[in-house]
Amino acid sequence: MTKVALYKQDGNQAGEVELSDSVFGIEPNETVVKDAVLMQRASMRQGTHSVKNRSAVSGGGRKPWRQKGTGNARQGSIRAPQWRGGGISMGPTPRSYAFKINRKAYRLALKSALSDKVLNNNLVLVDKFSFEKPSTKEFAGNLLKLNASKSTLLVIEDSDENTELSARNLPNVRVTTARGVNVYDLVKAHTVVFAQSAVKEVEEALN
């Protein structure tokens, strides 16, 4: 079993916790992690880019000059792609960039991302993380005591309004629930802070 130090919210160590090797102790598979990140980033793209082709550009209903006898190249419309102000040929149109990878690959990517955090000592385990009232100052102080002052992902068991409001104004800090943990957020964050109850839920979901 993989052992990780358990801390209190104020930064004091409260013991050790054994993590499941099948979730937090595997050899990271960089290929599936990359595929999962690409999938998530692709689904974030709006895909609203658009240009007008020759049928959508106004004007050009009349042939600019007669077919023969002018010495010019034959033309059918001043809105053809080769004309200034004409339609765009083979330009981008609105579309979805989303694609899927299979479920087993995504689960492996999640386990790989979590295991990588453990291997690099970038996973911090806290017995609980809660606030009586929203306090950005207190939240930032707790992260500093936990050596999580860089980009941080905080994973709690259930949605907690006071915690989320405390973190909202801090740049490079994201709060999510155990059910909302995803590969992109894990890779993007330098440090992942897990509430102990959230770890158990993630282990149950991925085992």
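Every read-out reported here was derived from the displayed coordinates using simple, explicitly stated rules and does not represent laboratory data. Quick caveat, the model's predicted, so the values are computed rather than measured. Don't worry about glycine lacking a Cβ; one is built from the backbone with ideal geometry, like all the others, and counts go over all protein chains shown.
Given the pairs K52/K104; K34/K150; K100/K133; K52/K188, which span a C-alpha to C-alpha distance of over 32 angstrom in this model?
On the way: K52/K104 42 Å; K34/K150 22 Å; K100/K133 40 Å; K52/K188 37 Å.
With Cα atoms farther than 32 Å apart: K52/K104; K100/K133; K52/K188.
Modelling each spin label as a point 7 Å along the Cα-to-Cβ direction, I'd like the A98/H49 distance in nm, to one decimal.
2.0 nm
How big, in percent, is the set of alpha carbon pairs in region 51-91 lying more than 14 Å apart? Provide the component values of the computation, followed by the final result.
Details: 368 of 820 pairs.
Across region 51-91, Cα pairs with separations above 14 Å total 45 percent.
Determine one quarter of the surface area of the Cα convex hull of the chain, which equals its mean projected area, and express it in nm² to one decimal. Mind showing how you got there, number by number?
Numbers: hull surface 68.8 nm².
The Cα convex hull of the chain, projected and averaged over all directions, gives 17.2 nm².
For the chain, what is the mean residue ellipticity at 222 nm derived from helices alone (per DSSP H run of n ≥ 4: -39500 (n - 2.57); sum divided by total residues; nearest 500 deg cm²/dmol)?
Numbers: 7 runs with 70 residues, N = 207.
Taken over the chain, the calculation gives -10000 deg cm²/dmol.
Diagonalise the Cα gyration tensor of region 1-63 and give the resulting equivalent ellipsoid semi-axes, square root of 5 times each eigenvalue, largest first, whole Å. Please list the in-between numbers first.
On the way: eigenvalues 655, 57, 6 Å².
Result for region 1-63: semi-axes of 57, 17, 6 Å.
Please report the antiparallel percentage of the DSSP beta bridges confined to the chain, to the nearest 5.
Values: 6 of 21 bridges.
The answer is about 30 percent antiparallel.
Under a crude label model (7 Å from the Cα following the beta-carbon direction), how far is E18 from D160 in nanometres?
Going from the E18 label point to the D160 one covers 2.7 nm.
Please report, in debye to the nearest 20, how large the charge dipole of region 51-91 is about its Cα centre when each Lys and Arg carries +1 at its beta carbon and each Asp and Glu carries -1 there. Before the final figure, lay out each step's value.
Numbers: 9 positive and 0 negative charges, 32 e Å.
For this selection, approximately 160 debye.
Within region 80-110, list the trypsin sites (Lys or Arg not before Pro) lying in a DSSP loop whose Cβ has at most 10 other Cβ atoms in a 10 Å radius.
Working: sites: R84, R95, K100, R103, K104, R107; in loops: R84, R95, K100.
Here the sparse-neighbourhood loop sites are R84, K100.
For region 123-207, which chymotrypsin sites (Phe, Trp or Tyr not before Pro) pass both filters: DSSP loop (anything but H, G, I, E, B) and at most 13 other C-beta atoms within 10 Å? Intermediate results must be reported in sequence, preceding the final value.
Working: sites: F129, F131, F139, Y184, F194; in loops: F129, F131.
Nothing satisfies the criteria.
List the residues, sorted by chain then number, that are 5 or more residues from V126 or on another chain and whose placed amide H is less than 5 Å from its amide H.
Placed amide hydrogens put Y7, F194, A195, Q196 under 5 Å from V126.
So what J values fall out for region 117-123 if you push phi through Karplus, 6.51 cos²θ - 1.76 cosθ + 1.60 with θ = phi - 60°, rounded to Hz, Gly and Pro as x?
These are the phi-based 3J(HN,Hα) values: 5, 5, 4, 9, 6, 10, 10 Hz.
Where does region 111-207 land on Rg/Rh, using Cα atoms and the Kirkwood Rh?
Values: Rg = 12.4 Å, Rh = 13.3 Å.
In region 111-207, Rg relative to Rh is 0.93.
Considering the convex hull of the alpha carbon atoms of region 1-109, report its projected area averaged over all viewing directions, in nm², one decimal. Working shown, then result.
Details: hull surface 55.1 nm².
Result: 13.8 nm².
Under a Cβ-only charge scheme (Lys and Arg +1, Asp and Glu -1), can you give me the dipole magnitude of the chain about the Cα centre, in debye to the nearest 20? Let's see the in-between values first.
On the way: 31 positive and 20 negative charges, 565 e Å.
Charge dipole of the chain: 2720 debye, to the nearest 20.
Can you give the FRET efficiency for R168 and N207, using 1/(1 + (r/R0)^6), R0 = 30 Å, r = Cβ-Cβ distance, to the nearest 0.05? Present the calculation step by step, with values, prior to reporting the outcome.
Values: r = 33 Å, r/R0 = 1.09.
E between R168 and N207, to the nearest 0.05, is 0.40.
Percent relative contact order of the chain, based on C-alpha pairs within less than 8 angstrom and at least six residues apart?
Working: 359 pairs, mean separation 50.6, N = 207.
Contact order relative to length: 24 percent.
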